[in-house]
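Please treat every number below as a calculation from the coordinates, not as lab data. Small disclaimer: the values here were computed from a predicted structure and weren't measured. Heads up, the Cβs are rebuilt from the backbone with ideal geometry, glycines too, and the neighbour counts pull from every protein chain shown.
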Amino acid sequence: MAFDPLGVVGTADMRAALHRMRQATGLPLAFGGLVETDLGHMRISELQGNRTTALSSLAVISGNGLGGKTVALARPCAVTDYSVSRQISHEYDAAVAAEGIRSVLAVPIVVRRRVRGVLYGALRTAQPLGDRTLGMAMEAARDVEQALVVRDEARSLLTAARAPEEGSAGAWEEVREAHGALRALAPRIDDPALREELLQVCGRLAGAASGPGAESTGPAVLAPREVDVLSCVAGGATNAVAAERLGLRPETVKGYLRSAMRKLGAHTRLEAVVEARRAGLLP
């Protein structure tokens, strides 16, 4: 079975967010997990600063314990002394006690009004976790939320980017739009495996469009950003719009476009797009 970076959505992002949260708050222990949509519960997958494996892979049911309460309410929750708190249920006391946890906060990761996971921060002493600590934890959760939004967008585009049947002009236009969006999205992906997966899909779409019998224009080699710019131009974007999509300055986009035109032997933007398609660089 091929590795699917989208199948492990958020793991690297959560690991990075937990690290930043610990650095910012000084909390000795941080952990978290994502909601498994097929099972309907949240599983703790990332731990930092732990002394045991008691919490590793623990399945947290919505409504149960502190994390389950956070999932059910979709808002941050905290307790000063977990084992004796009357604010939560106590299904996970054994695992919490094994790790020596006392004070805990839990912050939901919410995307499009749906809880996608939880970040926890904990102390091994019973003392209140202040507003500053809560604020830092919420910032870390926002980081994961933004990463999930980008990954969801990538998943949607990958679903749309299926090579249509031969002769389906309207469907090819949809594929070309998806290709351009994927090229613009790829630089925003921090996960190198996922970024490479998106670019490979773009390459397959371009190759499928040119077809095995397509005319070859020679060994035209464009830089990745030159292909990105041409993808936007192929979709009718102006230099200003392409710059906004790609996070570049309009002058930089113009420079990439000039360079691509020179390499392709084109005199106009349209010629450059046509030649790039002939070379199998664009769908």
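Brief remarks follow.
- Most mobile listed residue (D131, D152, D93) in the chain, GNM with C-alpha springs under 10 Å: D131
- A crude spin-label estimate for the pair Q146 and S259, with each label 7 Å from Cα along the Cβ direction, gives 2.7 nm.
- Using the Cβ-Cβ distance between L73 and Q200 with R0 set to 41 Å, the FRET efficiency works out to roughly 0.50.
- Summarised in one figure, the compactness ratio Rg/Rh of the chain, Cα atoms and Kirkwood Rh, is 1.13.
- Looking at the range 34-144, the pairs of alpha carbons with a distance over 15 Å make up 61% of the total.
- Cα long-axis angle, helix 169-185 against the chain (0 to 90 degrees, to the nearest 10): 50 degrees
- For the peptides 16-23, 228-235, 272-279, 245-252, the ranking by mean Cβ contacts within 10 Å, running from highest to lowest, is 228-235, 272-279, 16-23, 245-252.
- For the options A266, A186, A147, a Gaussian network treatment of the chain with springs between C-alpha atoms closer than 10 Å singles out A266 as fluctuating the most.
- Cut-off 17 Å, label 7 Å out along Cα→Cβ of Q127, residues of the range 26-59 by amide N: 26-30
- Sequentially through the range 60-72, phi angles give Karplus couplings (6.51, -1.76, 1.60; θ = phi - 60°) of 10, 7, 3, x, 9, x, 5, x, x, 5, 5, 5, 5 Hz, Gly and Pro residues having no value and appearing as x.
- Nearest-ten-degree value, helix 224-234 long axis tilted from longest Cα axis of the chain: 70 degrees
- Burial ordering of I61, I88, I101, fewest other beta-carbon atoms within 10 Å first: I61, I88, I101
- Long-range amide H partners of R43 with built H, under 5 Å: L34, E36, V60
- Cα centroids of the range 222-283 and the range 121-148: 43 Å apart.
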